[in-house]
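What follows is calculated from the coordinates using simple rules that are stated; it is not laboratory data. This is a predicted model, so every value here is computed, not measured. Cβ sites come from the backbone with ideal geometry, for glycine too, and all protein chains shown count toward neighbours.
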Ligand SMILES: Nc1ncnc2c1ncn2[C@@H]1O[C@H](COP(=O)(O)OP(=O)(O)O)[C@@H](O)[C@H]1O
Ligand SMILES: [Mg+2]
């Protein structure tokens, strides 16, 4: 029995498109410990959203999904639609980049939270209304009783994202998935939303999956991290180890593209992410990797353990020696 509240094994998602089969997710494992924050980081198109939309049962019919998604010991892949629907919003919730997409413009925000509660719990409207106001307060919305009566357009972007988080935690889920929750917001507001997510994690022991393309966000709040590239984890493990001894060239590239003191110009990783209609053979990063040899494209590098990290790179030892010298 695993001690992960969310455990994903060998998740694969292929979209049937007019241009052919697009292999968006190619064998991803995820472990989220109860009450902890897992950061999922990678460039746009690396399969972050698709992985967790698959877990939520929210992908379109064009997606073929295989593998295992165990939530609190229950398998979701292949489960009955009705069961997955009952899990979604109750045990497992997701918050997206654009809060407006999650809110109904013609309903008061309090009513939308009430509906979220009553669709999963047998609670009187009066009690659910009280709970909605309490939730708005928890996510840091001032005058929550008045705000509950307002409509989404009366809220700023940051306040709307707070409302969406209140809805997502309304049924006290085991796991909250936040997919780039701060990407659409002003920089000053971004930190506040991260604080709200941390508050939820600490106060209710909710496990969180925080999807981001920003390693700075991971450094600030996550306990562990999965680094994704071309539909796979290239490196995963503790955040501390990843920052202290990154072992995969892609992770190192991400780290060196972080702004830090004394460095004015960022060094983005050269080249472009692969076309997932025809992903490169072997290591997906090899075509962009300064350390790649022919062997890297010959077969998929196995995941190997270095300190607290699992790394998929046959050159990892050589790189670690270099970085220590
Ligand atoms: N509904 C879809 N149909 C076809 N391809 C999709 C669909 N959704 C995502 N993709 C493709 O799957 C890959 C992974 O996308 P995604 O998980 O959204 O990336 P990100 O890491 O930026 O969240 C990309 O190549 C994207 O174009
Ligand atoms: Mg995404």
### Task
Calculate the radius of gyration of the Cα atoms of the stretch 173-325 to one decimal place, then report Dmax, the largest Cα-Cα distance, as a whole number, both in Å.
16.7, 50
### Percent breakdown of C-alpha pair distances by 20 Å bin, ordered from the shortest bin, for the chain
31, 56, 13, 0
### Summary
Dividing the helical contributions, -39500 (n - 2.57) per DSSP H run of n ≥ 4, by the residues of the chain yields a 222 nm value, nearest 500 deg cm²/dmol, of -9500 deg cm²/dmol
### Message
Taking the 0 to 90 degree range and rounding to the nearest ten, how far is the long axis of helix 187-204 tilted relative to the main principal axis of the chain, both from C-alpha atoms?
### Response
80
### Summary
With a Förster distance of 25 angstrom and the Cβ-Cβ distance between residue 277 and residue 79, calculated FRET efficiency to the nearest 0.05 equals 0.25
### Message
Can you say what percent of the DSSP beta bridges in the chain, counting only those with both residues inside, are antiparallel? Round to 5.
### Response
65
## Note on the structure
Relative contact order as a percentage, the chain, C-alpha pairs under 8 Å and 6+ apart, gives 20
### Summary
In degrees, nearest 10, the alpha-carbon axis of helix 157-168 is tilted away from the dominant principal axis of the alpha carbons of the chain by 80
### Antiparallel bridge percentage (DSSP; both residues within the stretch 99-241; nearest 5)
55
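Under 25 °C and 0.890 mPa s, how fast does the stretch 74-139 diffuse according to Stokes-Einstein, given a Kirkwood radius computed over C-alpha pairs? Answer in µm²/s, whole number.
D = 183 µm²/s.
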### Query
What's the FRET efficiency of residue 191 with residue 303 using the Cβ-Cβ distance as r and R₀ = 25 Å, to the nearest 0.05?
0.15
### Query
When ranked by the protection proxy of mean other Cβ atoms within 10 Å per residue, highest first, what sequence do the peptides 11-24, 91-104 form?
91-104, 11-24
### Query
Hey, how many Å between the Cα centroid of the stretch 174-244 and the Cα centroid of the stretch 119-168?
23
## Note on the structure
So the FRET efficiency between residue 98 and residue 72, C-beta based with R0 = 41 Å and rounded to 0.05, is 0.90
## Note on the structure
the stretch 1-146: Kirkwood hydrodynamic radius (Cα pairs, Å) comes out at 17.4
### Task
List the extent of the Cα atoms of the stretch 82-230 along each of their three principal axes, largest first, rounded to whole Å.
45, 35, 27
### Task
For the chain, find the longest principal axis of its Cα atoms and tell me its angle to the long axis of helix 109-118, 0 to 90°, nearest 10.
80
